[in-house]
Amino acid sequence: MPAAVKGSITIEGQTVPITNPDKPLWPERGITKRIYLEKLAALSPYLLRYLKNRLLTVIRYPHGVPGKSFYQKNAPDPLPPFVRTVMHEEINYISLDGLPGLLWLGNLAALEFHPSLHYAGSSLPCEWMIDLDPSREVEPRIMEAAAIVGKVLNSLGLASVPKTSGATGVQIIVPIKQGVSFDELRKVGHFVGRYVTEKHPGLFTLERLKKQRGDKIYFDYLQHYGGKTLAAPYTPRARPLATVSTPLTWDEVESNVSPEDFHLLNIEERLRAKGDLISKLPPQPVELVIAGLR
């Protein structure tokens, strides 16, 4: 058995240990840990925007995809001095501040980043997210479903940004002003979900139990709540093709793009061309919709 290779890199004045840089993490794509860390560094100005000051859950794959994995909520011990943690409900969460911490987690084979939907120390949502969750592993109607939801939101005066989950689903993000509660957004979500399921009963369902959904797409407005997580924009996913959770334009949704079109080997080129589509959208007047539902 060959000896483990160890080294380090210095980023922003911090020394980050690196082990086994040639370990395959996504063998189908030929992505080693060295390549992954390079891609994480390129993604960091975008990914960290949605990780900073949140409670972070990661999914680690010590032997790469498709090896065994585990969720990590509690920060491992020992921690380097540049990694900050926050206690929340007896869990010592990592709360990332910058690139050194991100690369440290990358070296630990954290391949997915799932932040809380609220900032550390707050009980209010950072944005509103609707999760469209297919019941089938391959769902050719997912972009059709996203387009329908986007149009309903638009009819309520709410612009939004769709993003691939990086797996099979799509999330639709509505930027909001701080002050709106999770409960208020759940009521709007239920209203929209009930509307689309009544209009398109063969496409959408509000059924929480997967075994009772058939082939319908679950309109999940309940996942958006305190203590829950969703895949961050720009997080890699531990799928064979190294897909990345990627914000889309509505034109791309209408053209029925595939989540597999966006992955670690082409995401830099896309970001250079389009930037962060979410940050370009100002907060939307969800308060007016909430007041209307009252």
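Values for this structure:
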| quantity | calculated |
| --- | --- |
| Residue-count net charge about ASP97 - beta-carbon cut-off 12 Å; Lys, Arg +1, Asp, Glu -1 | +2 |
| Whole-Hz couplings from phi, Karplus 6.51/-1.76/1.60, listed for the stretch 212-223; x for Gly and Pro | 9, 8, x, 9, 7, 8, 7, 8, 9, 9, 8, 5 |
| Derived scalar couplings ³J(HN,Hα) [the stretch 100-110; Karplus, 6.51 cos²θ - 1.76 cosθ + 1.60; whole Hz; x for Gly, Pro] | x, x, 5, 5, 4, 5, x, 5, 7, 6, 6 |
| From phi via Karplus (6.51, -1.76, 1.60), per-residue ³J(HN,Hα) for the stretch 128-136 in Hz, x at Gly/Pro | 9, 10, 9, 9, 9, 10, x, 8, 9 |
| GluC sites (Glu not before Pro), loop per DSSP, at most 15 other Cβ atoms within 10 Å - longest free stretch of the chain | 208-294 |
| Distant-in-sequence amide H partners of LEU117 (H built 1.01 Å from N, under 5 Å) | GLY227, LYS228 |
| Nearby aspartates and glutamates by direct alpha-carbon distance to LYS68 (threshold 18 angstrom, same-chain neighbours under 8 apart not counted) | GLU28, GLU112 |
| Electrostatic dipole magnitude of the stretch 223-294 [Cβ: Lys, Arg +1; Asp, Glu -1; Cα centre; debye, to 20] | 320 debye |
| Accessible carbon and sulfur surface of the stretch 171-256 relative to its total accessible area, %, 1.4 Å | 47 percent |
| For the chain, the fraction of alpha-carbon pairs in successive 5 Å shells from zero, as % | 1, 5, 12, 16, 18, 17, 13, 9, 5, 3, 1, 0, 0, 0 |
| Those trypsin sites (Lys or Arg not before Pro) in the stretch 27-92 that DSSP places in a loop and that have at most 11 other beta carbons within 10 Å | LYS68 |
| Charge dipole magnitude, Cβ of K and R +1, D and E -1 - the chain, Cα centre, debye nearest 20 | 300 debye |
| Selected from LEU248, PRO233, HIS263, residue furthest toward positive end of dipole (the stretch 207-294; charges at beta carbon) | PRO233 |
| Contact order normalised by residue count of the stretch 141-294, Cα under 8 Å, 6+ apart, percent | 33 percent |
| Built amide H within the under 5 Å cut-off of SER165, gap 5+ | VAL170, GLN171 |
| Among HIS200, SER135, HIS63 - extreme Cα towards positive end, dipole of the chain, charges at beta-carbon | HIS63 |
| Across LYS163/LYS187; LYS73/LYS274; LYS52/LYS187; LYS151/LYS216, pairs whose alpha-carbon gap is larger than 25 Å | LYS73/LYS274; LYS52/LYS187 |
| Distant-in-sequence amide H partners of THR85 (H built 1.01 Å from N, under 5 Å) | SER95 |
| Hits among lysines - C-alpha to C-alpha of LYS177 under 16 Å, sequence gap 8 or more where chains match | LYS280 |
| Area accessible to solvent at VAL5, 1.4 Å probe radius, in Å² | 80 Å² |
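The values are calculated or read from the model by the stated rules, or taken from the named source; none is laboratory data. Bear in mind the structure is a predicted one, so any value in this text is a computation, not a measurement. Neighbour counts are summed over all protein chains in view; Cβ atoms, including those assigned to glycine, are modelled from backbone coordinates with ideal geometry. Surface areas here come from the heavy atoms of the whole protein model, side chains and all, with no ligands, DNA or RNA. Shrake-Rupley method; radii C 1.70, N 1.55, O 1.52, S 1.80 Å.
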